[in-house]
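Any read-out appearing in this document is the output of simple, stated calculations on the displayed coordinates, not a laboratory observation. Model, not experiment: these values are computed from the prediction. Note that we place each Cβ from the backbone using ideal geometry, even for glycine, and neighbour counts take in every protein chain shown.
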Amino acid sequence: MKEIEKQIKDFIFENFLIGQSTRDLKNDVSFLDEGIIDSTGMLELVAFIENTYGIVVEDEELIPENLDSINRIIAYLERKGCLFSKLRG
Amino acid sequence: MLLQDFLTESTERFPDKVAVILRGHRLTYGELERRANRLAWALIDLGVKRGERVAVFLDNSLESVIALFGILKAGAVFVILSAAAKAAKVEYILSHCGARVLISHCNKHEVLRNLKLPGLVKIMIGEDEAGQSPPDVSWSQVMTAGAADHCPPRRNIDLDLAALIYTSGSTADPKGVMLTHLNMVSAATSIISYLKNTPDDIIMNVLPLSFDYGLYQVLMAVKFGGTVVLEKSFVYPYAVIDKMIRERVSGFPLVPTIAAILLQLESLKNYTFSSLRYITNTGGALPESHISRLRDLFPKVAIYSMYGLTECKRVSYLPPEELDRRPNSVGRPMPNVEAFIVDEQGNEIDEPGRIGELVVRGSNVMRGYWQDPEETARVLRPGRYPGDVVLYTGDYFKMDEEGYLFFVGRKDDLIKTRGERVSPREVENVLHQIDGVLEALVIGVPDDLLGQAVKAFIMLQEGKMLSEKEIIAYCMDKLEFFMVPKFVEFLTEFPRTATGKIDRRAMAMREERLNSLFANKV
């Protein structure tokens, strides 16, 4: 789980918060409310998730409940049933 | 008529009808009117005088709608800052327009923390967390302090300013477009007439209110007594689509980037937008292929291609029934507006197909740029009749035999990205502040999603090393996201003009050549 958290955080810092590595990004912070990701950035984030975790994010899954914070992404990936059982075990 | 009369009149007609919907919250006309009145009295009590500026720095929210009408009811001028603006820009605009009061939210604390504007009164929304600077006045205090619910007496006439809208121009600093009540009422009235809006219309607005296209969605809906569904952004397209269906949205304003994202959603074809009546596009032309795909997706929906600029809000629209015949046209002037094309000497061109600058005449044309007589004189010039003033748009156009307008290009080098105008000089200014940058040049390059993408060319000082990431990081800190270069290229020299200046045109042409080379290979 820590590994996933770090990967997502790294991606966000490298792409949307470039140079703000000192800024603390809490796991429950809303990307939308904080203006961290814009609409084209969301497409990049989805492409990253698909490539890294080998899943397909369906169009209908592009909703804040699934993607609007680090915690929500982790929970979403879990629901998608990909690859974590080993990591957690 | 004054702009705030839109609200008063609709409140009289539909006191219990929902005017604004945001994240499940529904505000009726009656409630909007009462809250705007309370804010107006609070501003008057704070000493805000007729014509003084009150700034709003908020995400799209119920409060931002209440704020703009409250400010107008106090006889003041509203200035809506982009919610994405960074500290330096916020400070620049607040001090440039001489704002007396700022209405903002505690979530903007980081940006506002180091403001050095001693005379500025802050009205803050939201819970103040410990350690943050306390607001001068809290929003909840304004809304509940037993203030009068009735409208303050009118202080304005329609020649008074209603708003300053800051927009990028050819200079490094943003310019404040001065709009009178007459300007804005005229524009809203013309647009409503060609969109044939009725009180039954429900508008989905994902565009920021700092952008005139987003702002007018609210103003117009309030004028025709409809409902506007406000969203903070288009980051989660399906959340928006879901709401469009649930709220039975009938009008959906787009910019090209939103259209491009929509068209990438494969399952969109499984949805039925039975209540959707029209889609509008402005802020850049839609590629022909996007228009035809939009038509396939929304077969019964009227699609309006439009053209305008903040300085007069809107110039023209293409009647939807003309879209098949001339998909690349932005149509003809809207009601009560005249537009014509002139040559370099200012003579009117009536030959079809000949390119010249578009000139606009109408009561929607701005008063000028705030405290910038020079720039004002450059774009507002004498017209063909005595005493007449017309707007030179800086855009090249041509006309066909039937008078339909076709956009050709910008006279200056403003970049149009994500439906926003970006001044290359504003970005270059920031690049030049970076230690190690000797010279920088910014141009727009074609981009499928953004329309144009911002590209920076940089020449470093000898012995200095900087990476693309470091450049972008610096810009992210100083500029709104849409101005931040998407591409950075380092050069060891620039093409120069005879006078030694960087040759902007030559660089743009070099990019075009590279692009077409690349396009041929793929």
Farthest toward positive dipole pole in chain B [+1 Lys/Arg, -1 Asp/Glu at C-beta], among B:Leu263, B:Pro335, B:Ser64: B:Ser64
FRET efficiency, 1/(1 + (r/R0)^6) with R0 22 Å, evaluated for B:Ala87 and A:Ile55 via beta carbons: 0.05
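Pop the C-beta distance of B:Arg246 and B:Asp5 into the FRET formula with R0 = 35 Å and round what comes out to the nearest 0.05.
0.65
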Residues B:Leu209, B:Leu438, B:Leu449, sorted so that the one with the fewest Cβ neighbours within 10 Å comes first: B:Leu438, B:Leu449, B:Leu209
Virtual spin-label span in nm between B:Asp388 and A:Glu44, 7 Å along Cα→Cβ: 4.9
For a label point 7 Å along the Cα-to-beta-carbon line of B:Gln264, residues of region B:433-457 with backbone N under 17 Å: B:446-454
Estimated inter-spin distance, B:Arg505 and B:Arg113, nm [label 7 Å along Cα→Cβ]: 4.8
Rough spin-label spacing in nm, given labels placed 7 Å along Cα→Cβ, for B:Arg23 and B:Asp45: 2.7
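Report the semi-axes of the equivalent ellipsoid for region B:175-274 in whole Å, largest first, where each axis is √(5λ) for an eigenvalue λ of the Cα gyration tensor.
The answer is 26, 16, 11 Å, longest axis first.
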Order of B:Phe457, A:Phe13 under a 10 Å beta carbon neighbour criterion, fewest first: A:Phe13, B:Phe457
Label zone at B:Asp200 (point 7 Å along Cα-to-Cβ), backbone N below 13 Å, region B:260-275: B:275
Local net charge near B:Glu470, Cβ-Cβ under 15 Å (Lys/Arg +1, Asp/Glu -1): -2
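Fewest Cβ neighbours within 10 Å first, please rank B:Ile103, A:Ile70 accordingly.
Taking fewest neighbouring Cβ atoms as first place, the list is A:Ile70, B:Ile103.
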Near-label residues of region B:207-244 by backbone N, under 19 Å of a point 7 Å along Cα→Cβ of B:Glu12: B:220-226
Cα-based shape type of the protein assembly as shown, given that a ≥ b ≥ c are square roots of the gyration tensor eigenvalues and the cut on a/c is 1.5: rounded
FRET efficiency, B:Arg513 to B:Phe490 (Cβ-Cβ, R0 25 Å, nearest 0.05): 0.85
Three-way shape label, region B:5-326, alpha-carbon gyration tensor, a/c 1.5: prolate
